[in-house]
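Input: a single structure, listed below in structure tokens.
The values are calculated or read from the model by the stated rules, or taken from the named source; none is laboratory data. Fair warning: this is a prediction, and the values are worked out from it, not measured in the lab. Virtual Cβ from ideal backbone geometry, glycine too; neighbours counted across all protein chains shown. Ligands, DNA and RNA are excluded from the accessible area calculation, which covers all protein heavy atoms including side chains. Shrake-Rupley method; radii C 1.70, N 1.55, O 1.52, S 1.80 Å.
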Amino acid sequence: MAQISYREALNQAMTEEMERDERVFLMGEEVGFYQGAYKVSQGMLQRFGEKRVIDTPIAELGFVGVGVGAALAGLRPIVEVMTWNFAILAADQIVNHAAKIRYMFGGQAKVPIVIRGPGGAAHQLAATHSQSLEAWWAHVPGLKVVMPSTPYDAKGLLKSAIRDDNPVIFIEAELLYGMKGEVPEEEYLIPLGVADVKREGEDVTVIAHSKMVHVALRAAAELAEEGISVEVIDPRTIRPLDTETLFRSVRKTNRVVIVEEGWPFAGVGAEFAYRIQRECFDDLDAPVERVTGADVPMPYNKNLERAAIPDVERVKKAVKRVLYL
């Protein structure tokens, strides 16, 4: 099986879908001649030409709106936002139009659009360029929210997102673009709404998404040396949420820690915790613990930035709290 990077996996997914379906096209700032701010669209302009790989002005509200209109007209646009922080400018098109049109027209119209790009913190990009906004988008009915943590998941989930008839928010992690992993050469799809068990365990369930999966896995490996067996679950899609996989793990381990990079108040972990206590209350041997980003704008200072993001030590301490160690 080939070892490719996260960005190469995304590139392969878009390329294969554009070869399969001529209605699929890519648009966004610098996706063409510059080949993507993070080189995710490398080589695609040369392969598909300017009519299917389209450079846009710096105007998120405008080009996301063009994408919504194109989807309504029967095309299947992939719209790249340079970062999800800038997608706030396009919130009207995403929340008031893409998410609502199918419902408001009684199913007679659909918006098969994928809006994708990087989110979360990177390295000292500071308060306005380091936000984990998945809870915002997941709050809106009509949107699907996908957050892959590995190259394998990135490719399989993006191909499914492109084929989906609903608007899909596809949030990548800047710090994962260079990460390598095994990806099959033959075609495969990963259905939206199916979680993955990244590590089997018996004592505690840790639920984490996007790059926090790797923090959870490192914590699990270190805890294993102390005789603590941790199961790591990656929801992969925040909405729809595969609650059955979460519940099955909780009923096995009876203890839960939820890890997310986003802010704690009304974060996605709060929704996970509510659903777990609602359906698995009698199975829990300890209150659900959350490890979140700090409830502050992301600091620029390197040490403060590091302190604001969940790390291995904080996850290990949370695991020990639910074990009463």
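In segment 246-266, which residues are in contact with a Cys (Cβ under 9 Å, 6 or more places away or on another chain) and among the basic types (K, R)? Explain how you work it out, then say what you get.
Step one: of segment 246-266, the residues in contact with a Cys (Cβ under 9 Å, 6 or more places away or on another chain) are 246-247, 250-251, 254, 256.
Across segment 246-266, the qualifying residue is only R251.
Return the residues of segment 177-213 that are open to solvent by 10 Å² or more (accessible area, probe 1.4 Å), hydrophobic (A, V, I, L, M, F, W, C) and out of contact with any Leu (no Cβ under 8 Å at 6 or more places or on another chain); say none if nothing qualifies.
Answer for segment 177-213, where residues must be open to solvent by 10 Å² or more (accessible area, probe 1.4 Å), hydrophobic (A, V, I, L, M, F, W, C) and out of contact with any Leu (no Cβ under 8 Å at 6 or more places or on another chain): M179, L189, V194, V197.
Anything in segment 196-220 that is assigned to a loop (DSSP other than H, G, I, E, B), within 16 Å of the chain's Cα centre (by Cα) and of a type outside the set (D, E, K, R)? List them, or say none. Walk me through it before giving the result.
Of the residues in segment 196-220, the ones assigned to a loop (DSSP other than H, G, I, E, B) are 200-203, 209-211.
Going one step further and asking which of them are within 16 Å of the chain's Cα centre (by Cα), we end up with 209-211.
The answer is H209, S210.
Counting only residues that are of a type in the set (A, V, I, L, M) and touching a Lys or Arg at 6+ places or on another chain (Cβ under 7 Å), which one in segment 248-283 is nearest to V315 (Cα to Cα)?
Step one: of segment 248-283, the residues of a type in the set (A, V, I, L, M) are 250, 256-259, 266, 268, 270, 273, 276.
Applying the additional criterion that residues be touching a Lys or Arg at 6+ places or on another chain (Cβ under 7 Å) yields 258, 273.
On the way: I258: 9, A273: 16 Å.
If we take residues in segment 248-283 being of a type in the set (A, V, I, L, M) and touching a Lys or Arg at 6+ places or on another chain (Cβ under 7 Å), then I258 is nearest to V315 (Cα to Cα).
Identify all residues within segment 290-304 that are under 23 Å from the mean Cα position of the chain (by Cα) and either closer than 18 Å to H214 by Cα or hydrophobic (A, V, I, L, M, F, W, C) (or both); write none if there are none.
The first filter runs over segment 290-304 and keeps only residues under 23 Å from the mean Cα position of the chain (by Cα), leaving 290-299.
Within segment 290-304, R290, V291, T292, G293, A294, V296, M298 qualify.
Among the residues of segment 296-306, is any touching a helix residue (DSSP H, G or I) at 6+ places or on another chain (Cβ under 8 Å), surrounded by fewer than 18 Cβ atoms within 10 Å (Cβ to Cβ) and under 23 Å from S149 (Cβ atoms)?
no
Name the pairs whose Cβ atoms lie under 6 Å apart, with the first residue in segment 126-142 and within 11 Å of E261 (Cα to Cα), the second charged (D, E, K, R), and 6 or more positions between them or separate chains?
The qualifying pairs are S132/E261.
Does segment 29-43 hold any residues that are within 23 Å of the chain's Cα centre (by Cα), surrounded by 20 or more Cβ atoms within 10 Å (Cβ to Cβ) and at negative phi, and which are they? Before the answer, list the steps.
Looking only at segment 29-43, we keep the residues that are within 23 Å of the chain's Cα centre (by Cα), and these are 29-31, 35-42.
Next, only the ones that are surrounded by 20 or more Cβ atoms within 10 Å (Cβ to Cβ) stay: 29, 31, 36, 38, 40-41.
E29, V31, Y38, V40, S41 - these are the residues of segment 29-43 that are within 23 Å of the chain's Cα centre (by Cα), surrounded by 20 or more Cβ atoms within 10 Å (Cβ to Cβ) and at negative phi.
Looking at R236, R251, R255, R218, which one is open to solvent by 10 Å² or more (accessible area, probe 1.4 Å), of a type outside the set (A, V, I, L, M) and on the phi > 0 side of the Ramachandran plot? So that I can check it myself, show each step before the final result.
Details: R251 fails: on the phi > 0 side of the Ramachandran plot; R255 fails: on the phi > 0 side of the Ramachandran plot; R218 fails: on the phi > 0 side of the Ramachandran plot.
The match here is R236.
Out of segment 41-67, which residues are β-branched (V, I, T), in contact with a strand residue (DSSP E or B) (Cβ under 7 Å, 6 or more places away or on another chain) and not in a helix (DSSP H, G or I)?
Matches in segment 41-67: V53, I54, T56.
Could you tell me which residue of segment 174-221 is farthest from L125 (Cα to Cα), considering only residues that are of a type in the set (G, A, S) and in contact with a Ser or Thr (Cβ under 7 Å, 6 or more places away or on another chain)?
Here is the first cut: in segment 174-221, the ones of a type in the set (G, A, S) are 178, 181, 193, 195, 201, 208, 210, 216, 219-221.
Keeping just the survivors that are in contact with a Ser or Thr (Cβ under 7 Å, 6 or more places away or on another chain) gives 178, 181, 193, 195, 201, 210.
Values: G178: 18, G181: 26, G193: 31, A195: 30, G201: 36, S210: 18 Å.
Among those that are of a type in the set (G, A, S) and in contact with a Ser or Thr (Cβ under 7 Å, 6 or more places away or on another chain), it is G201.
Residue check, A2 against (1) surrounded by fewer than 18 Cβ atoms within 10 Å (Cβ to Cβ); (2) within 21 Å of the chain's Cα centre (by Cα); (3) modelled with pLDDT under 95, all met but one. Which one?
Among (1) surrounded by fewer than 18 Cβ atoms within 10 Å (Cβ to Cβ); (2) within 21 Å of the chain's Cα centre (by Cα); (3) modelled with pLDDT under 95, the lone unmet condition for A2 is (2).
Quick one: A70 ticks every box in (1) of a type outside the set (D, E, K, R); (2) surrounded by fewer than 22 Cβ atoms within 10 Å (Cβ to Cβ); (3) under 19 Å from the mean Cα position of the chain (by Cα); (4) in a helix (DSSP H, G or I) bar one, so which box is it?
The number of the failed condition is (3).
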